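Here is the structure we will look at.
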Amino acid sequence: MDPIFDRLGRLIRSFGAETNGRSASSPSNDPDLREAEDELEEFLRTGRDAPKKPASQGNRTFQEQRRQEASRQPPPRPAIDPAVAQAYAVLGVSPDASWDQINAAHRSLLKKHHPDRHAGNEARVNQATTQSQKINEAYQVLKKHLGR
């Protein structure tokens with residue numbers, strides 16, 4: 001066996017020596033300490049690390065527990081304010097869009113629906129005006145929501 005592990009075992013045993021009036025050779029009343037000492041003795045004797053499962057895991061292995069944790073669904077996102085959701089919909093971007101994407105959508109929609117682009121047709125000018133107001137309001141709601 002590797003001498004470093006022998007020294008490590010002696011060092012660990014020495015920490016328990018003469019604590020609270022008992023010697024290191026006396027059996028411990030702590031089940032966790034006894035389990036750790038047995039695991040160390042087995043490792044030192046065989047040279048192989050046999051993984052022990054904590055009592056809280058029951059019959060599951062560590063790998064099974066990690067697999068189960070990885071397969072869990074992520075927690076649902078908190079519900080966003082309906083006004084904010086409507087603002088995202090007006091601009092045509094998803095709620096996880098970056099600020100640059102929101103800004104680009106705002107600019108392109110304003111270019112498309114600006115009243116000056118529809119000069120000469122009064123009905124279309126009025127429609128473009130209301131649409132650009134909605135776009136600007138949605139942009140302001142998102143700007144306030146995102147702290148910009």
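The values are calculated or read from the model by the stated rules, or taken from the named source; none is laboratory data. All values derive from a computational prediction rather than experimental measurement. Here the Cβ positions follow ideal geometry from the backbone for every residue, glycine too, while neighbour counts run over all protein chains shown.
Of the helices (runs of 4 or more DSSP H) lying entirely inside segment 64-148, the ones with 2 or more residues being among the β-branched types (Val, Ile, Thr) are found at 82-91, 122-145. Cβ separations smaller than 8 Å between residues 6+ apart or across chains give the following pairs from segment 35-56 residues that are within 13 Å of residue 9 (Cβ to Cβ) and assigned by TED's automatic domain parsing to the domain that holds residue 11 to residues that are modelled with pLDDT under 85 and among the polar types (S, T, N, Q): 37/28.
The single condition from (1) over 30 Å from residue 95 (Cβ atoms); (2) surrounded by 10 or more Cβ atoms within 10 Å (Cβ to Cβ); (3) at pLDDT 75 or above that residue 47 fails is (3).
Of everything in segment 109-145 that's surrounded by 12 or more Cβ atoms within 10 Å (Cβ to Cβ) and of a type in the set (A, V, I, L, M), which residue is farthest from residue 79 (Cα to Cα)? Taking the candidates together, the pick is 125.
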